[in-house]
Every structure is written in structure tokens, then in C-alpha cells.
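Each value in this text was obtained by applying a stated rule to the coordinates, not by laboratory testing. Being a predicted model, the structure only gives us computed values, none of them experimental. Counting neighbours? That spans all protein chains shown, and the Cβs are built from the backbone with ideal geometry, glycine included.
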């Protein structure tokens, strides 16, 4: 439940780590931790989050205008998210809902920036 009180980057980190763990457990049969490959992806994603230019207002990855991952890592993460994303509803439903809420919140902010200001119209 503490995930509610975290900032956007911390929530993103927790959710991405959960997705990587699920993926690693299923495809690499890791039971106690992450395999070497998944551990490297996890470290890489953590570094990218720490250096995100959007900071606490970071959008979800699929809506981000900046692709901060190198092509190889981006493809690996895309595979992980594509596999783990739908399964989050069953294994981590709270994380899935929080991620959906963060996604909707950001898309609302982005859409509002593109709409003309009501004062400008008058």
C-alpha cells in the first residue's frame, strides 16, 4: 500500500521491477532472484529512471516523447512489458491499476496542453 505515497518515478521503478521479476521467473525459471540478463535490464532501467529529464512528472514509457533506452535495451524492455503488462492484472492488480491511473493522468495533462486556453478564445 505504500506505493500510493511514492512519487511518479518511484512508482514506475516498483512496477517495472515487478514486471521484470515476472518475466524472468517465467522465461528464465529464476525462483530466488533475477538471472544475469534480467538483472542487467533492471539496473539499466533504474539508471534511466534516475536520469529522466521529466523527473517527477515523467509520463509512462509508451507515452514518453523521449526514447531514453538504447535500441537493444528498448526492445528487451518492450518484450518484457508486452508479456508482463496484461499479466499484471492477475499477479499485481494494484500495480496495474496505479499504472493505468498514471497513464490516464498524464494523457489528460498532455491533452489539456494541446487545447486552446479559454481566455484566448474570448
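If the chain linking residue 28 and residue 90 were pulled fully straight, counting 0.36 nm for each residue of separation and taking away their Cα-Cα distance, it would gain 20.3 nm. Packing, as the average of other Cβ atoms within 10 Å across residues, places the peptides 75-88, 30-43 in the order 75-88, 30-43, highest first.
Given R0 = 25 Å, the distance between the Cβ atoms of residue 63 and residue 83 translates into a calculated FRET efficiency of 0.80.
Judged by the gyration tensor of its Cα atoms, with axes a ≥ b ≥ c, segment 23-98 is oblate; a/c meets the 1.5 cut and b/c is at least as large as a/b.
Considering Cα pairs under 8 angstrom that are at least six residues apart, work out the relative contact order of segment 2-111 and quote it in whole percent. Answer for segment 2-111 is 34 percent.
Estimated at 0.36 nm per residue, the fully extended path between residue 9 and residue 36 surpasses their Cα-Cα distance by 7.3 nm. Computed packing ranks the peptides 60-70, 6-16 as 6-16, 60-70, most packed first, by mean other Cβ atoms within 10 Å.
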